[in-house]
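To keep things clear, I will list the structure first and then write my remarks on it.
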There are 2 protein chains.
Amino acid sequence: MFPRLDVVAACLAASLSVASAQTFRRLGTCPTLGCVIPPDQQDFLPGQEFDIRFEVHAPKNGSEAFNNGVPDEAFTATISKNGGRARSIADFFKQKEPSLEKWTFSWYEDLFAQDAKTPSVVNVASKAYRRVALYEPGTYTVTLKYYSGKTTTAEWTVRPLATRKKAKNVIFFIGDGMTTNMITAARLLAHKTINGKYQTLLSLDDFPVLGHQMTHSVDTFITDSANSASALYTGHKSTVNALGVYADSSPDQFDDPKVETIVELLARIWGSAWGAVSTAFIADATPTALTGHSRARGQYGVLVDQALNGVRNYSWTKTYGPDAYFGGGAEQFIAGSGSYQGKDYYAEFANKGYSVSLNKTSLLAAPNNKKALGIFCRSNLPVWIDRHIFTDNLEINNDPSGANKSAKDLPGLKEMTLKAIDVLHNRGSKEGFFLMSEAASIDKQMHALDYDRALGDLLELDDTVRTTIEKLKSLRILDDTLIIVSADHGHGFDVFGSSDTKYFNAQTDERAKRKAIGVYEESGLSQYTEPKPGVSYGTGANFPLNWDPRYVIAAGLGANPDHREAYGVGSTPRTPASGRNGEYYVNDKDRPNGFVVNGTLPPSAGQGVHSLTDVPVYARGPCQETFGGTYSNIDVFYKIANCLGLAQGRNVTEGLRKRRN
Amino acid sequence: MFPRLDVVAACLAASLSVASAQTFRRLGTCPTLGCVIPPDQQDFLPGQEFDIRFEVHAPKNGSEAFNNGVPDEAFTATISKNGGRARSIADFFKQKEPSLEKWTFSWYEDLFAQDAKTPSVVNVASKAYRRVALYEPGTYTVTLKYYSGKTTTAEWTVRPLATRKKAKNVIFFIGDGMTTNMITAARLLAHKTINGKYQTLLSLDDFPVLGHQMTHSVDTFITDSANSASALYTGHKSTVNALGVYADSSPDQFDDPKVETIVELLARIWGSAWGAVSTAFIADATPTALTGHSRARGQYGVLVDQALNGVRNYSWTKTYGPDAYFGGGAEQFIAGSGSYQGKDYYAEFANKGYSVSLNKTSLLAAPNNKKALGIFCRSNLPVWIDRHIFTDNLEINNDPSGANKSAKDLPGLKEMTLKAIDVLHNRGSKEGFFLMSEAASIDKQMHALDYDRALGDLLELDDTVRTTIEKLKSLRILDDTLIIVSADHGHGFDVFGSSDTKYFNAQTDERAKRKAIGVYEESGLSQYTEPKPGVSYGTGANFPLNWDPRYVIAAGLGANPDHREAYGVGSTPRTPASGRNGEYYVNDKDRPNGFVVNGTLPPSAGQGVHSLTDVPVYARGPCQETFGGTYSNIDVFYKIANCLGLAQGRNVTEGLRKRRN
């Protein structure tokens, strides 16, 4: 029988459209009309739980239109190990055959289609197999058959077993958006050179092992913090905005196929203590990717509930809440529109045995043997520079109780991290602990092109790492603790010279102002490390002596909205562009004495954006030697999992039992 | 006796001016009026030869005016080891007291002074002690006394001895201006991902050890290629534009205090073969810093003579010329205005026993047992993209003979490097070899904001590294060879998304064009790795299949002249800005369909500039384990010197004797 001509034409169109679709895609992990999720080329930890979804797509219109928009409901799927016998998914995983699901979604094939408002509509037939695991290392081939003759194949690799624990504790510091370029700049601001020799260095500079991780996502080369944190915590890259799941095309933001995270594994297998600290909303992507399962990182309320209670709407791995959970974002805890089901999450945590701290004084006094929640303000924590230098900026309505007043008694990343270590060390006992500590505003301030505020928070991270090492030494657990410092992605920031602010401000012409910028031999030395008469912040040896010298760094991102540059620290946080009808223009109130730089981003962007660059990984402690060289962000998960003996050949639940006792 | 009031006032002024001078400095390594060069805090290899200069400054006018502009000619200087007895310099180094030198120089205290054309004039008294060495590890204190009571102290550290050779050969690849960000972008262009997993990787990605080196110079935080190459080759940071010397204030560009380089040490101690390969003028900074001693990198003619004949105008370490010397820049070889003393340097090299190749065919046929010179064009070598993709751009008047025709039979970095290895392996024999191979146009094309051409040359470097490893394996010397791949400094480049060129070009409004840029989930995947019907370059597996896809990378530097951006490869090399009366504006002929981006650099800058970022160091082979972590660029020299056993406790000249036989 000859193929129908319309099918041939549709296939041809489909293959062409696959080659050109980029800005928008039908489904990133599914270039054909049959989708296997997790897709081809994915890696797994032995014993790690996950969901499988199959989708068969029938585009009704557009370049891929097929089968009059009727998806094949009779698709079948099999799995085979190391080229062996193919068995049905239900049979292989000893599950009942799930019921068929159906939905419709639409997408734009490119920007022209978006401008013309001509979406392509796709009907879908699907099945999801929940909570399965592969226990034996090897190569698995999953085959989806559909439209009588079409096939989509996915090859999955289950990595070798590592059942022995080599590190008792792991502390994973994440400088959100932090690159090597920023680390270099932070060093320049806080540490003095004499004739080219640094007299002191960053704490990071002392780490013996350095690696680079590639941050791209499963379906795009630029990632976001949800997606990238998920890769670091699960060993599975995902889609922008997704955490703990592969994104499917269904309308439900919580039914996407899940993957087990490092803290879920650690809880189930060893029963260790775990904690998360962040200077952002504690519901932000980097902390909630430890526990959250949704393709929508913006679902803050649910994500906090998932951190405390685990996934409740699907069959999923059992776990327990954090032993220490410190950050900002009181909006998800105060009963009301920001919290899950309007409930009081301070009470929800307290009912589960947590101490609850709403300021630094209370945090420091909290008992170390009890689970601890600390939420210190609404929104993100004010940044280090505003907490220490421009304290007027703390006069905002952000009290974590919801009262109309300022949160002033604020801990920083250091205080939160040190307290978390006290609690986790105490509660983890011989099972040890896992702590993630995030310097979130490196990223947030780089988005705002506020280079100084970003670097201030980077220096706070470095100071926290330094103090953490001392703390672990004093607790006699330094040698048992793997410390990793890395990032989730970058921004294209770099310093290219200095700017003479006095000369800059004395010029009225915008081009003449640019003459203030000194490059190469005119860049000079850092003046941030020179004492200035009358200026004393009391912020210690590892921070600038003067944040506002005459000669400041000239720096930039390359990926900007329209904005003005004047260089040098601003006394208030920066908003480089302002929006009118969804289009952003120079914010006339920001750096009013500066010169205009036209943006390089879509006019709808009011901020700088993430970049492609590999980010550094610093390692010290047990297993440090495995972190050298260049690797994918998912490998960071496998390296940590390997060091914690999380690859298990059977369904281990001893951890949960230990914690019950 | 009370101090004279004018002295107090002058001292106060001096200390104030020291705090504010940045764009210009009197002498970067000399904040006081007495200069010890090498200055305070410098490190030395035991036995490494160097010069010492003392200067006493008497500013006649300006904020530092002192002693009516009369410098103290009766200054004295001493040196002591590990806090022991101070001895005069002449006595300690067993030299005759040198004669006094005197000169005058001027500088601007800041941009206001420059605009007002009011230089500060300084009279100088000085002495230079030539060709000394410190053989014993330890701390040395050099004290300069002047103006009856003033003192300048320099502490020098001679690092521990390492007399044993651990690697027979060293190959040092330098990607000029190459950063981690660029390496990440190059990987994206040439290597395909499927669902987030790279199917192939860069050769650099396979290196087991990764480090970061800090590139700042002795007196500025932004460096150039002379200064930074000098740090890598000598263990001494210098000043922008200087190579193999510390910069002094004298008018003579060749009398500055010298430091012995790695090839001079290797020649003197072991008699190994050495070579340099570059895609730039062979007289450019990165290759000539191996042998050159001048604070003026632009003295191309002299620098080529120094490479062949060593330093001839001062008492200096004896050495021999390169065994393989391949690159561009025929201007310094053709008898005429570009060559030293107008001489024919093809003949000068030939007279010293070199084979001379002026094209690839001749290069490949050159005997491996003879010293080899290869100069393949005037100016820099055409870049990889123009040699392979846009070959029309080779139609330029650049024949290395000086004839008015095009050099077409051109080797690339790979051919030059592989041939150099053949010659060096043959000639180095049991003493081994040192080869520096430079991908120069990564930097040169980043200066021109020509991202694609820069990344093309980065991929050529990676391909050369890959082939070099295979070559060393086939010669059975891979295990004896330390391979380092690093850079000398960065540019603030990063990729932040994709651009839909079809949509971009269909818009007429500059803001609307920016809507073509896709960030985050709209960045998509690399289309450079997708085959395009009818496009086949035959450039092999490790290069893009399509340099000109519909969706291209959107990238930038952040440090730019006024220019237009359109993204995507240009069919001709890029000139982003054009100058009128020393002021640069958008070049209307460059990317005429793009949108304007205002510059962030002084209007006198027509190109992008270098940046601050630490750059990566990749290592494999003997001593690889010493290259992990973060360190200064001078440490790269000490690590290599350590691996080659170049730290010697006596004046070793066996290498020179071996080569004579």
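The values are calculated or read from the model by the stated rules, or taken from the named source; none is laboratory data. Keep in mind that this is a model prediction, so the values were computed, not measured. All Cβ positions, glycine included, derive from the backbone under ideal geometry; neighbour counts span all protein chains shown. The area values use the complete protein model at the heavy-atom level, side chains included, leaving out ligands, DNA and RNA. Shrake-Rupley method; radii C 1.70, N 1.55, O 1.52, S 1.80 Å.
Can you tell me which lysines have their Cα less than 16 Å from the Cα of residue B:197? Leave out same-chain residues fewer than eight positions away.
Cα-Cα hits under 16 Å: A:237.
Just which residues of segment A:601-633 lose 30 Å² or more accessible area with every protein chain there, against their chain alone, with the probe set to 1.4 Å?
Residues passing the criterion (a loss of at least 30 Å², heavy atoms only) are A:601, A:602, A:603, A:609, A:612, A:613, A:614, A:629, A:630.
Taking 0.36 nm per residue of sequence separation and subtracting the Cα-Cα distance, how much length would be gained by fully extending the chain between residue A:309 and residue A:87, in nm to one decimal?
Extra length available between residue A:309 and residue A:87 comes to 76.4 nm.
What is the angle, in °, between the Cα long axis of helix A:300-309 and the longest principal axis of the Cα atoms in chain A? Nearest 10 is fine, range 0 to 90.
Tilt of helix A:300-309: around 80 degrees.
Considering only DSSP states other than H, G, I, E and B, which trypsin sites (Lys or Arg not before Pro) in segment B:392-432 qualify as loop sites with at most 14 other Cβ atoms within 10 Å?
Taking segment B:392-432 and a limit of 14 other Cβ atoms within 10 Å, the loop trypsin sites (Lys or Arg not before Pro) found are B:405.
If one takes the accessible area of chain A alone plus chain B alone and subtracts that of the pair, with a 1.4 Å probe, what total in Å², rounded to the nearest 100, results?
9200 Å²
Give the long-range amide H neighbours of residue B:475: residues separated by 5 or more places, or on another chain, with amide H under 5 Å away, using H modelled in the peptide plane at 1.01 Å from N.
none
Which aspartates and glutamates does residue B:165 reach when only Cα atoms under 13 Å apart count, and residues fewer than 8 places away in its own chain are ignored?
B:431, B:480
Restricting to DSSP H runs of at least four residues, report the calculated mean residue ellipticity at 222 nm for chain A, -39500 (n - 2.57) per run over all residues, nearest 500 deg cm²/dmol.
So the helix-based figure for chain A works out to -7000 deg cm²/dmol.
With the calculation restricted to Cα positions, what are the radius of gyration and Dmax of the protein assembly as shown in angstrom?
Every Cα atom of the protein assembly as shown included, Rg and Dmax give 31.9, 115 Å.
Can you list, shortest first and in nm, the gaps between the label point of residue B:149 and those of its counterparts in the other copies, using a point 7 Å from Cα in the C-beta direction?
For residue B:149, the inter-copy label distances come out at 10.2 nm.
What are the trypsin sites (Lys or Arg not before Pro) within segment B:461-538 that DSSP puts in a loop, where the Cβ has at most 14 other Cβ atoms within 10 Å?
Taking segment B:461-538 and a limit of 14 other Cβ atoms within 10 Å, the loop trypsin sites (Lys or Arg not before Pro) found are B:476.
To the nearest 20 debye, what is the magnitude of the charge dipole of chain A about its Cα centre, counting +1 on the Cβ of each Lys and Arg and -1 on the Cβ of each Asp and Glu?
1920 debye
For residue A:365, go 7 angstrom from Cα along the Cα-to-Cβ vector, then report the distances to that same point in the other copies in nm, smallest first.
9.1
Fully extended, how many nm does the chain gain between residue B:511 and residue B:352 (0.36 nm per residue separation, minus their Cα-Cα distance)?
My answer for the length gained is 51.1 nm.
Find the relative contact order for chain B and round it to a whole percent, using C-alpha pairs within less than 8 Å whose residues are 6+ positions apart.
18 percent
Accessible area per residue for segment B:262-401 in Å², computed with a 1.4 Å probe and the full protein assembly in place, what is it?
Ligands and nucleic acids excluded, the result is 30 Å² per residue.
Work out the FRET efficiency for residue A:403 and residue A:344 from their Cβ-Cβ distance, taking R0 = 22 Å, and round it to the nearest 0.05.
According to the calculation, E is roughly 0.90.
In terms of modelled amide H atoms, which long-range or inter-chain residues lie less than 5 Å from the amide H of residue A:280?
A:328, A:381, A:440
Show log10 I(q)/I(0) for segment B:341-400 at q = 0.13, 0.20 Å⁻¹, two decimals, from a solvent-free Debye sum over equal Cα scatterers.
With one equal scatterer per Cα and no solvent, log10 I(q)/I(0) is -0.43, -0.84.
Which three numbers, in whole Å and largest first, are the semi-axes of the equivalent ellipsoid of chain A derived from its Cα gyration tensor as √(5λ)?
Working from the Cα gyration tensor, I get semi-axes of 43, 32, 23 Å.
For residue B:127, list the aspartates and glutamates whose Cα falls under 15 Å from its own Cα; do not include residues on the same chain fewer than 8 positions away.
The reachable aspartates and glutamates, counting only those whose Cα sits under 15 Å from residue B:127, are B:51, B:55, B:72, B:73, B:91, B:97, B:101, B:248, B:252, B:255, B:256.
What is the gain in length, in nm to one decimal, between residue A:650 and residue A:396 on full extension, counting 0.36 nm per residue of separation less the C-alpha to C-alpha distance?
Taking 0.36 nm per residue and subtracting the Cα distance, the gain is 86.2 nm.
Can you pick out the pairs among B:168/B:658; B:150/B:318; A:360/A:658 whose Cα atoms lie more than 26 Å from each other?
B:150/B:318; A:360/A:658
Against the 2.2 N^0.38 Å scaling, with N counting residues, where does segment B:5-158 land? I'd like the Cα-based Rg ratio to two decimal places.
1.10
From the phi angles alone, apply the Karplus equation (6.51, -1.76, 1.60; θ = phi - 60°) to segment B:339-350 and give each ³J(HN,Hα) in whole Hz, x where the residue is Gly or Pro.
9, 5, 6, x, 7, 7, 7, 4, 5, 4, 5, 4
Provide a whole-number value for the mean count of partner chain Cβ atoms within 10 Å of the Cβ atoms in peptide A:554-563.
Per-residue shielding by partner chains comes out at 6.
Residue-wise, which Karplus ³J(HN,Hα) couplings in Hz belong to segment B:552-562, taking 6.51 cos²θ - 1.76 cosθ + 1.60, θ = phi - 60°, and x for glycine or proline?
Working through the residues one at a time gives 10, 6, 9, 8, x, 10, x, 10, 9, x, 3 Hz.
If you rotate chain A onto chain B, whose Cβ in A ends up lying nearest the axis, and how many Å away is it?
A:558, 2
Counting GluC sites (Glu not before Pro) as exposed when in a DSSP loop with at most 13 other beta carbons within 10 Å, what is the longest stretch of chain B free of them?
Segment B:74-394 is the longest.
If you rank B:578, A:106, A:523, B:337 by how much accessible surface each has, with a 1.4 Å probe, what is the order from largest down?
I get B:337, A:106, B:578, A:523, largest accessible area first.
Averaging over all projection directions, find the projected area of the Cα convex hull of segment B:137-256 and quote it in nm² with one decimal place.
12.3 nm²
Which distances in nm, rounded to one decimal and ordered from shortest, link the label point of residue B:112 to the equivalent label points in the other identical copies, with labels set 7 Å from Cα toward Cβ?
Ordered by distance, the counterparts are at 5.9 nm.
On average over all directions, what projected area in square nanometres does segment A:353-459 have, based on the convex hull of its Cα atoms?
7.3 nm²
Convert 20 °C to kelvin, take the viscosity as 1.002 mPa s, use the Kirkwood radius over C-alpha pairs of segment B:76-132 as Rh, and evaluate the Stokes-Einstein diffusion coefficient in µm²/s, rounded to a whole number.
In µm²/s, the coefficient is 149.
In whole Hz and in residue order, list the ³J(HN,Hα) couplings for segment B:236-250 that follow from phi through the Karplus curve 6.51 cos²θ - 1.76 cosθ + 1.60, θ = phi - 60°; x for Gly and Pro.
Whole-Hz 3J(HN,Hα) from phi for segment B:236-250: 10, 5, 9, 9, 3, 6, 9, 9, x, 8, 8, 6, 9, 9, 6.
Taking all protein chains in place and a 1.4 Å probe, what share, in percent, of the accessible surface of chain A do carbon and sulfur account for?
It is 50 percent, rounded to a whole number.
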